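Enquirer: Take a look at this one; I'll ask things after.
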Amino acid sequence: MANIPVPRALFREAHWKVAVDCKICRSSSSLYGVVDFNKSCEEAREAFLPLLGWPVYYYQCSVCGLVFTVDFDHWSKQQFIDEIYNQDYVKVDPDYAEVRPINNAKMVAEFVQKNTTLAMLDYGGGNGRLAAELTALGFDAMSFDPMIDDAPAPDGSGYQLITAFEVMEHTPNPVETMAEMAGFLGDGGAILFSTLTIDSLPPRNVGFWYISPRNGHVTIYTKKSLQVLAEGLSLEIHHFNDGLHLVYDKVPSWLK
């Protein structure tokens, strides 16, 4: 992998604490570990970026198990774009542009049993490729990404299915993000989202490949933390596996 330039942001003095409040259940969360900003998911494929000497501190909740960092909580949208979701992002997530949205479109089509009457919203859709693929398959789908300033905002609620692939691990505000998605749902709608849960990780395993700040992975979940998150919004959650989940207020009629 080619070297990625050092971020333009000046290295800042690390501001860390021994413990902070969990972002979901508000319980005490102790320091879990520290990694370099350039740690990426591509390390699982033996591709390593040069170390920057920029420490990123992660915490783990003592109750729900959430692993998260507060280091980017103060960042503006532009800082995320400049330092993470820039032209080099594809180097740490090569499946982002085409492979993942194409595969996800096929999966979604099967999931809804090819019901093309459903109004769909792809939340955090980035370049809009997934919505475009679904539209090409005959679905009523639009894309919305809060990181894109000129992206057309969803017109109120009423969506029967909201998809959010590789979104929840990127938000520093998980409750607010899930609440915003839920606000776009119509009656009997559901949110289908992917994020890898890490219930089986041992203590201080911050070297796990998914805990990768260069990819923007700032919030890493357990199934319990997702359960608490859903319940806090008066929603139900079903886990298809460790990485795919469904949130709803009642089981959608189109799934029965």
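Enquirer: If Y89 satisfies every condition in (1) among the hydroxyl-bearing types (S, T, Y); (2) within 18 Å of L196 (Cα to Cα); (3) within 17 Å of the chain's Cα centre (by Cα) but one, which is the exception?
Expert: For Y89, the failing item is (2).
Enquirer: Still on this structure, I have one more. Sort out which residues of the stretch 65-103 are out of contact with any helix residue (DSSP H, G or I) (no Cβ under 7 Å at 6 or more places or on another chain), part of a loop (DSSP other than H, G, I, E, B) and among the acidic types (D, E), and write them in order of number.
Expert: D71, D73, D88, D95
Enquirer: Continuing with this model, one more query. Testing D242 on (1) modelled with pLDDT under 95; (2) farther than 19 Å from G126 by Cα; (3) not β-branched (V, I, T), one condition comes back false. Which one is that?
Expert: (1)
Enquirer: Does the stretch 39-56 contain any residue that is part of a loop (DSSP other than H, G, I, E, B) and either without any contact (Cβ under 8 Å) to a residue 12 or more places away in the chain or basic (K, R) (or both)?
Expert: yes
Enquirer: Here's a follow-up. Which condition number in (1) under 23 Å from R26 (Cβ atoms); (2) touching a strand residue (DSSP E or B) at 6+ places or on another chain (Cβ under 6 Å); (3) not small (G, A, S) is the one that K224 fails?
Expert: So K224 meets the others, but not (2).
Enquirer: Which residue out of D71, D21 is surrounded by fewer than 17 Cβ atoms within 10 Å (Cβ to Cβ), within 19 Å of N173 (Cα to Cα) and modelled with pLDDT of 95 or more?
Expert: Exactly one of D71, D21 is surrounded by fewer than 17 Cβ atoms within 10 Å (Cβ to Cβ), within 19 Å of N173 (Cα to Cα) and modelled with pLDDT of 95 or more, namely D21.
Enquirer: Quick check on my filter: what residues within the stretch 104-123 are in a strand (DSSP E or B) and either more than 12 Å from I162 (Cβ to Cβ) or without any contact (Cβ under 8 Å) to a residue 60 or more places away in the chain (or both)?
Expert: Scanning the stretch 104-123 gives M120, D122.
Enquirer: Right, next: Among the residues of the stretch 113-164 satisfying the criterion of being touching a Phe, Trp or Tyr at 6+ places or on another chain (Cβ under 7 Å) and among the aromatic types (F, W, Y), which is nearest to F184 (Cα to Cα)?
Expert: The residue in question is Y159.
Enquirer: So, one more: Answer yes if at least one residue in the stretch 83-101 is within 15 Å of T219 (Cα to Cα) and surrounded by fewer than 22 Cβ atoms within 10 Å (Cβ to Cβ), and no otherwise.
Expert: no
Enquirer: Do we find that G128 is in contact with a Pro (Cβ under 8 Å, 6 or more places away or on another chain), small (G, A, S) and within 22 Å of T171 (Cβ to Cβ) in this structure?
Expert: no
Enquirer: Another question, then. Using beta carbons and a limit of 9 Å, which pairs, at least six apart or on different chains, have the first residue in the stretch 124-151 and surrounded by fewer than 18 Cβ atoms within 10 Å (Cβ to Cβ) and the second one among the hydroxyl-bearing types (S, T, Y) and in a helix (DSSP H, G or I)?
Expert: P146/T177
The values are calculated or read from the model by the stated rules, or taken from the named source; none is laboratory data. Being a predicted model, the structure only gives us computed values, none of them experimental. So basically every Cβ, Gly included, is an ideal-geometry build from the backbone, and we count neighbours across all protein chains shown.
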